[in-house]
Amino acid sequence: MPNTRGIDGAPADQTPQIDTSVPQSARVYDFLLGGKDNFPPDRAVGAALIAQIPTLPEMVKAQRAFLARAVRFLVADAGIRQFLDVGTGIPTANNVHEVAQAIAPESRVLYVDIDAIVLAHARALMKGTAEGRTAFIIGDLTEPQGILDDPVLADTLDHDQPVALMLVGILHHLRDGDDPYGVVARLVDWLPAGSYLVIAAPGSDFDAEAMAQTAATAELSGIPYVPRSHAEMLRFFTGLELVEPGVAPILGWRPEADTSTDVRSVYGWAGVGRKN
């Protein structure tokens, strides 16, 4: 039996079309990571963002490294075997299923993204283990019920077992008018007891001026960019039990090696919370 099922949840002729004439957040993120799956509009936005914060590529890589650390903790220490990764982005090294299934081959992962180019790459690259399951759907975080109602979700994840909800590098693309706290609460409400919420996102209270300029630059391109404070990040974990060290700077969340690097040199917050 193939280990990728319902890879887009729709017939081929219903797959969203790829528009390369406008920048898209997943492709800008790919550019910042040093990837090649981006186009001139994406590279123009990425270059403009780097002009505001020259170390932004290193910050994006640090966020990606946090994702791998969080997945390893969830699988090895918390016993999680199922993941719902919303805002997947273009596949790169250390994708959720690769990290999880390297430890527990039976792990299941459902990826969700709104960009059709992510779907195209997911079909080609996101192959899991024979024991586990890896699937992908097109979905919009601002419409969480659509994600939860997708039949591929029910086919991939067992709702009787804990699930880790991964929201890494996505929540800052929700403006306040998108009701980000309501969106996250709806997804957390769906999670079975014993599940986890994982968040990493830009923080507004590291270098406030640089982050404000970066947000303005992104908004000019049509990409929402809302960095949030530590207190605002904590709100997403309301009702959950935070895993130590709580909501911390991305570099300071359970680093795997001693480092002299200033943890506040990466302008972002990260946290993991358990649903009891």
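What follows draws every value from the coordinates through simple rules; no lab data is involved. Predicted, not measured: the structure shown is a model, and the values here were computed from it. Neighbour counts run over all protein chains shown; Cβ positions are idealised from the backbone, glycine included.
Data overview
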| quantity | calculated |
| --- | --- |
| For segment 47-146, convex hull of alpha carbons as volume per residue, Å³ | 118 Å³ |
| Peptide ranges 247-257, 166-176 listed from the most packed, as the mean C-beta count within 10 angstrom indicates | 166-176, 247-257 |
| Extension gain from ILE103 to THR261, taking 0.36 nm per residue of separation minus the Cα-Cα distance | 54.0 nm |
| Burial ranking of peptide ranges 112-121, 140-149 (average Cβ count within 10 Å, highest at the top) | 112-121, 140-149 |
| Segment 110-243 - Rg over Rh from alpha carbon coordinates, Kirkwood radius | 0.99 |
| Euclidean distance between Cα centres, segment 102-120 to segment 218-276, Å | 22 Å |
| Once the Cα gyration tensor of the chain is diagonalised, semi-axes √(5λ) in Å | 26, 23, 18 |
| Inter-label distance, nm, simple model (7 Å from Cα along the C-beta direction), ALA51/ALA65 | 2.9 nm |
| Per-peptide average of other Cβ atoms within 10 Å, ordering 53-63, 23-33, 67-77 highest first | 23-33, 67-77, 53-63 |
| Taking all pairs of distinct alpha-carbon atoms in segment 220-276, Kirkwood radius in angstrom | 12.9 Å |
| Theoretical gain in end-to-end length, TYR181 to GLN145 [0.36 nm per residue, Cα-Cα removed] | 11.5 nm |
| Cα centroid of segment 84-100 to Cα centroid of segment 190-217, whole Å | 18 Å |
